[in-house]
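Computed from the coordinates by the stated procedures, all read-outs in this text should not be read as laboratory data. Please read these numbers as outputs of a predicted model, since none were measured by experiment. Don't worry about glycine lacking a Cβ; one is built from the backbone with ideal geometry, like all the others, and counts go over all protein chains shown.
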Amino acid sequence: MDALNFGIIGLGSVADQHIKSILESEYCNLVAVCSRSNTKLEEAKLKYNVETFQDYQRMVENPDIDVVSICTPSGFHLEPTLASAKARKHVLVEKPLEVSVERAKKMISACKEASVQLSCIFQNRFSDDFQKLKKAAEDGALGKLVLGNAYIKWFRDQNYYDSTSWRGTFSGDGGAALINQSIHTIDLLLQVMGPVRSVMGKIKTLTHDIEGEDLGTAVLEFENGALGTIEGSTSIYKGYPEKLEIHGDRGNIILESGRITQWECKDSEIESSGDNQRHASGSSDPTAIGHKLHKRQIEAFAKNILENKVPEVDGESAIKSLEVIQAIYESSKTGREVRI
Ligand SMILES: NC(=O)c1ccc[n+]([C@@H]2O[C@H](COP(=O)([O-])OP(=O)(O)OC[C@H]3O[C@@H](n4cnc5c(N)ncnc54)[C@H](O)[C@@H]3O)[C@@H](O)[C@H]2O)c1
């Protein structure tokens, strides 16, 4: 079986999930890494026997590389994507696509023009129970969808924001709790409920010394007529498992930390789950996420490229949660409902 050669840009905390996933997959090889830190590069060379680069431009031009995995701060996803597309490399980028819809659209266009695939990590889409929930909604097991709620009542202390120069800043993170942490569950909400017509939102910065919000709420109207709510925070002691609630006129399903905790459908029973443990939640510890779902997404991405198929999470699909979050920010600023 063929495998694709990956190069990773940025060796911070999330890069570990990429490294483990690539090393464990038969469809992926780790051939290069890029970091500004010589110490990290030397460590990686010793541990993984890979080529090392301090300059990402040079790494993406390396003919051995098929896919560039971008693990840099959120406000620095665009430039490495443009360079990778120019060098005709497929791009796998961490969430969010970028810190603004405008920057994210440039990434989508560049990859389209270069005929390379762009995918964005939203690993929670790959949990067995989320897929079961989504299929149940698509198959009509919940009847007419009425209400969808995403609750992400998480906790991060000030040290978390102070530990890097980019977290919680507008240029590096695009905001804070909604765009960095809550975006995963907002993405799942949109996957099930479909496109959003309008957003009314309010954000606050209550307990941290940061530019972005540590609390946000919103009311959504979906194109199918259903309503939804979002509550996202990094200020709520001491962090609850994130929750997705989908309600219809024939059933309700609730997912907590990637696991279905309630399934009440008039006409269907939940099948026994092969994945019935909660996935590690980042509710209070950002390092607690594990790499199981990253591996599923990265492996599926590589397999799709090898089979000439489009990725499951392409740019167009990944930008949707960013559009909603940007609309919440705008609505909070103007006090008006924002149409999408
Ligand atoms: N999918 C998830 O669950 C998940 C979890 C954590 C982070 N993330 C995302 O991953 C991205 C990175 O987050 P993180 O927590 O790993 O951040 P981090 O600060 O720990 O790591 C980022 C790394 O990028 C490096 N970097 C910056 N500019 C560079 C350049 N020009 N060349 C090479 N390296 C460069 C930094 O030195 C740092 O080591 C963010 O977009 C974040 O939203 C996703």
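Descriptive notes on the structure:
- Relative to the 2.2 N^0.38 Å rule of thumb, the chain has a C-alpha radius of gyration ratio of 0.97.
- For the chain, the share of DSSP beta bridges that are antiparallel, to the nearest 5, is 55%.
- Within the stretch 152-238, trypsin sites (Lys or Arg not before Pro) in DSSP loop having at most 11 other beta-carbon neighbours inside 10 Å: K238
- Based on alpha-carbon atoms, the Kirkwood radius and the radius of gyration of the stretch 4-120 give Rg/Rh equal to 0.94.
- FRET efficiency estimate (nearest 0.05) - Cβ-Cβ, E269 to S171, R0 45 angstrom: 0.35
- Packing order of peptides 132-144, 35-47, highest average first: 132-144, 35-47 (average count of other Cβ atoms within 10 Å over each peptide's residues).
- Comparing L82, G10, Q117 along the charge dipole axis of the stretch 4-120, the residue lying farthest to the positive side is L82, per the Cβ-charge model.
- Distance between modelled label sites at Q262 and R36, nm, 7 Å Cα→Cβ extension: 4.7 nm
- Neighbour counts of C-beta atoms inside 10 Å place V33, V192 in the sequence V192, V33, starting with the fewest.
- Pairs of Cα atoms farther than 17 Å apart, the stretch 134-234, %: 53 percent
- Relative contact order, percent, the stretch 4-120 [alpha-carbon distance under 8 Å, six or more residues apart]: 24 percent
- Ordering of 321-327, 101-107 by burial proxy (mean other Cβ atoms within 10 Å per residue, highest first): 321-327, 101-107
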